[in-house]
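Undergrad: Below you'll find the structure I mean.
The values are calculated or read from the model by the stated rules, or taken from the named source; none is laboratory data. No experiment lies behind these values; they were computed from the predicted model shown. Here the Cβ positions follow ideal geometry from the backbone for every residue, glycine too, while neighbour counts run over all protein chains shown. The accessibility values were calculated without ligands, DNA or RNA, using every heavy atom of the protein model including side chains. Shrake-Rupley method; radii C 1.70, N 1.55, O 1.52, S 1.80 Å.
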Amino acid sequence: MTAIIGISATQLAEQVPNTISRNGTYVGGDYITAVANSGAAPFVIPVTDTKLITTFVNQIDGLILSGGQDVSPALYGAESEAELGDVSLVRDAFELALLKETLAQKKPVLAICRGAQLLNIAFGGTLHQDTSYIENTDLEHMQQAEATQSTHAISIERGSRLSNMLGTTAQVNSFHHQAIDVLGSGLKITARASDGVIEAIEKQGSPFVVGVQWHPELIIETEIGMKRVFQEFTKNAELGAMKQVYNAPAKFKKIATLR
């Protein structure tokens, strides 16, 4: 069966020029392409009333938490610092609730960039509000090169889910100035950059819950391992969907198999 992958969206607060639209919902096309090319159906989830979250999660088989604005330090009890960028408290609250419901339903999660930071916060972790506040960083974490170009290496923990997909090293791109600081409870660091900045985290056990600090959807054509990240995520979503159908009451199985 075809898995349905929810992709969290960001909000466009400014009016689009030459249109009557005052705001909008936005997901980068590379997320859509990466999911579709992995054999799954992309399903964009807008920031909206949290009362709809259970309905959304009931419809999907896996969740991608996408990148975007900075995450508000209010979520982990810190004051804003000088280098903090634009935040959206509405999006933060919605996506935290969306993530928690997805985890409660035991569906796989792939958290990308901002998404990885939010995953860490959901488990009680904190962030560096800017990499300049980290001692001994010597990498350009907000790269000036093209988004489709990898700019630095990461070292990956042996035996992790990520190492099964990428091996013990990989080349990644870098578009973040916030970074994980204190690790959330129940999470494990599974990749770092050469300057020690955390590049990936995982929740132990099943289902698949992986957060990556880079944007694999943007380097999927140049770094072959990134295809495996989406394929493995999608496979876990498909297996979970099949298990749900198998365990469902007979009257629901026919409806589910029509997907």
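Undergrad: Pop a pseudo-label 7 angstrom from the Cα along the beta-carbon direction at both Ser206 and Ala97 and give the gap in nm to one decimal.
TA: Computed distance between label sites Ser206 and Ala97 equals 3.1 nm.
Undergrad: I've got another one for you. Output the peptides 111-120, 182-191 sorted from most to least packed, where packing is the average of other Cβ atoms within 10 Å over each peptide's residues.
TA: Ranking the peptides 111-120, 182-191 by packing returns 111-120, 182-191.
Undergrad: Taking springs between alpha-carbon atoms closer than 10 angstrom, which of Leu103, Leu166, Leu239 fluctuates most in the Gaussian network model of the chain?
TA: Leu239
Undergrad: Given a 1.4 angstrom probe, I'd like the percentage of the accessible area of region 4-252 that is carbon and sulfur, rounded to a whole number.
TA: 50
Undergrad: Let me ask something additional. In percent, how large is the relative contact order of region 4-252, given Cα pairs closer than 8 Å and 6 or more residues apart? Working shown, then result.
TA: Numbers: 497 pairs, mean separation 49.0, N = 249.
Relative contact order comes out at 20 percent.
Undergrad: A further question on this structure: Before I look further, what does the chain give for accessible area per residue, probe 1.4 Å, in whole square angstrom?
TA: Accessible surface, normalised per residue, equals 48 Å².
Undergrad: Taking the 0 to 90 degree range and rounding to the nearest ten, how far is the long axis of helix 89-104 tilted relative to the main principal axis of the chain, both from C-alpha atoms?
TA: For helix 89-104, the angle is close to 50 degrees.
Undergrad: Roughly how big is the chain's charge dipole about its Cα centre, with Cβ charges of +1 (Lys, Arg) and -1 (Asp, Glu), in debye to the nearest 20?
TA: The dipole magnitude comes to about 1840 debye.
Undergrad: Moving on to the next point. What's the angle, to the nearest 10 degrees (0 to 90), between helix 225-247's Cα axis and the longest principal axis of the chain?
TA: 30
Undergrad: Calculate the FRET efficiency for Thr168 and Asp49 from the Cβ-Cβ distance with a Förster distance of 35 Å, rounded to the nearest 0.05.
TA: Approximately 0.20, to the nearest 0.05.
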